[in-house]
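What follows is calculated from the coordinates using simple rules that are stated; it is not laboratory data. Note that the structure is a prediction, hence the values are computed from the model and not measured. Note: ideal-geometry Cβ built from the backbone for every residue, glycine included; neighbour counts use all protein chains shown.
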Amino acid sequence: MEGTIRCAANYVPLSPISFLERSAVVYRDRLSIVYGDHVKFTWKETHERCVKLASSIVSRFGISRGDVVAVLDPNIPEMYELHFAVPMAGAVLCTLNIRHDSAMVSTLLKHSSAKLIFVDHQFLDVAKAAIEIMSKSDIIPKIVLIPDSGQLPNSDIIEYESLLVMGSLDFEIKRPKDECDPITLNFTSGTTSSPKGVVYSHRGAYLNSLAAVLLNEMRSMSVYLWTVPMFHCNGWCLTWAVVAQGGTNVCLRGVTAKGIFKCVSQFRVTHMGGAPTVLNIIINAPETERAPLWGKVTVMTGGAPPPSQVVLGMEKLGFDVVHAYGLTETYGPGTVCAEKPEWDSLPLETKAKLKSRQGVNHLGLEEVDIKDPVTMKSVPWDAKTFGEAMFRGNTVMNGYLNDTRATHEAFKDGWFRSGDLGVRHSDGYIELKDRSKDIIISGGENISTIEVESVLFRHPAVLEAAVVGRPDDHWGVTPCAFVKPKEGYEFTSEKLIGYCRKYLPRYMAPRTVVFRELPKTSTGKTQKFVLREQAKAMGSLPLSGKSKL
């Protein structure tokens, strides 16, 4: 159109860095971070600390635009600050899973070509061993230690606060030249395969952060409790969403029911998040560890489809559950089960079932659909026809680091293919039924492990459950349930199978029940590939047993 131009006056590359710069003015004296009873910062102080840290990263270690800086930290204030300081230095933040062993950490450091790694004292030995493994690599990252309060700095490793005070407030922040420049690198959890390096852009992080604010209905100066790992999808982008509203970050090193209830009460928490396993911890907390909620607490859940009984249990306690769905490749949340007023008049169990669906795309994502992966046609909205959940929009990853083939495969036909199977209901809401590799085909019938698990969760004695396929001489494969019972309960596999047959067609009910702890990733996802191997090793011989662990 004649007379229009794009220039510095009307175009600035989008970046979450601007959220911090704004809050340092608007909310300058408001609490930005609290950690325990002694660590407290304001937004003015947090901004200054991040600028100085960015300055030191560049001047002390020679980090330049596009370099990768890794971090191996739990949910502590330093981890939060690095989400701004590293991008301010023009670098890319790579957050590592704190449950990885040295071998995996060394693999990821090498794959990312990280030049620097910030390490919490709790994981220093892991990091040192990882770097020892990398001794012959071209790039060996330097270590910056985050010590505990009583620890003296190590003479041969620079300490976090010492590095920070070296920095200058006059440092010129290196904003992205292009909003699609990378801001972070997140490795997939590796529940089903080797982790891939997922590249996030400044633009995608900016948009998904605002979407997180909207879908969580976060007002200004909300108080957010960190029970989602910041290393996982950058805390579902809440690391940047909280600052956008001038909220307060309540840091929590470890997730326990007692710690959660204490923080909610002490700091008047308004929002938090967690996988269904975290919600389960809250629901099953003993009375001695609970505290009454001071008011409305909104909990965003995702990472794995939450059974409706878990949603129901949380809401009975007074929490308001927001169900989101996404993947590392979609910056965490990509959809939200947007609640409708007419649901309020429904029975609680019915409402909980509706809220356990994955819902619709949030405002930052262009579109989500359930499609036939071969024809790419949308499935009917009949809640029956299976298809693959697919995404397209500005909050989908740039791609996989150093893996062009995998990137092209993921983006085939112009959609990001999730690998999740689901259906679409008549109201347009999607509902997942399984991962494509988790679906059980028994005697020609498709069995959704999620549906079987939802029935198991309804049993009053079941704390956790996961269903996989087990070889069967007649049917090919049959459902095998791995169950962790609640304390004080003892029951037989036969009784639990009988219970399932009351609510499921006979072919869908588990033929085998194994009582055990469920292997999980640090983000709360059950490692079904481990359980599948165990089920395969059982062969097809019948099993029976009691729930006593």
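The table below lists the values:
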item	result
Net charge of neighbours whose Cβ lies under 11 Å from the Cβ of Gly36, counting Lys and Arg as +1 and Asp and Glu as -1	+2
Simple spin-label estimate for Thr350 and Asp170 in nanometres, 7 Å along Cα-Cβ	6.9
Rough spin-label spacing in nm, given labels placed 7 Å along Cα→Cβ, for Ala406 and Ser64	2.8
Backbone HN-Hα couplings from phi across the stretch 175-186 [Karplus 6.51/-1.76/1.60, Hz, Gly and Pro as x]	5, x, 6, 10, 5, 8, 4, x, 10, 9, 10, 10
Amide H contacts of Gly393 (H built 1.01 Å from N, under 5 Å, at least 5 apart or other chain)	Glu366
Residue (of Val297, Gln245, Ser222) at the positive-pole extreme of the chain, dipole from beta-carbon charges	Val297
Sequence-distant aspartates and glutamates (8 or more away, or on other chains) whose Cα lies within less than 15 Å of Lys412	Glu329, Asp369, Asp372, Glu388, Asp403
Rg/Rg_globular for the chain, with Rg_globular taken as 2.2 N^0.38 Å and Rg from C-alpha atoms	0.98
Full-extension gain in nm, His474 to Arg253, via 0.36 nm per residue minus C-alpha separation	74.6 nm
Lys136-Arg99 FRET efficiency (beta carbon distance; Förster radius 25 Å; 0.05 resolution)	0.45
Charge dipole magnitude, Cβ of K and R +1, D and E -1 - the chain, Cα centre, debye nearest 20	800
Filtered trypsin sites (Lys or Arg not before Pro), the stretch 49-156: DSSP coil and at most 14 other beta carbons within 10 Å	Arg65, Lys136
Cross-link pairs beyond the 18 Å C-alpha cut-off, checked among Lys353/Lys437; Lys484/Lys520; Lys316/Lys351; Lys351/Lys528; Lys437/Lys525; Lys115/Lys136	Lys353/Lys437; Lys351/Lys528
Partners for Lys258 among aspartates and glutamates (Cα-Cα distance below 14 Å; same-chain residues under 8 apart left out)	Glu287, Glu289
Within the stretch 238-266, backbone nitrogen closer than 16 Å to the virtual label 7 Å beyond the Cα of Ser220 toward Cβ	242-248
Where trypsin sites (Lys or Arg not before Pro) fall in DSSP loop in the stretch 331-402, at most 11 other Cβ within 10 Å	Lys377, Lys384
Student exercise, the stretch 438-538 dipole from Lys, Arg, Asp, Glu Cβ charges, in Debye to nearest 20	120
Additional length obtainable on full extension of the chain from Trp343 to Glu494, 0.36 nm per residue less Cα span	50.7 nm
For the stretch 438-538: rounded, prolate or oblate by the Cα gyration tensor [a/c cutoff 1.5]	oblate
Using alpha-carbon coordinates, inclination of helix 493-503 to the longest axis of the chain, degrees	90
Net length gained if the chain between Asp178 and Trp294 were fully extended (0.36 nm per residue, minus Cα distance)	37.4 nm
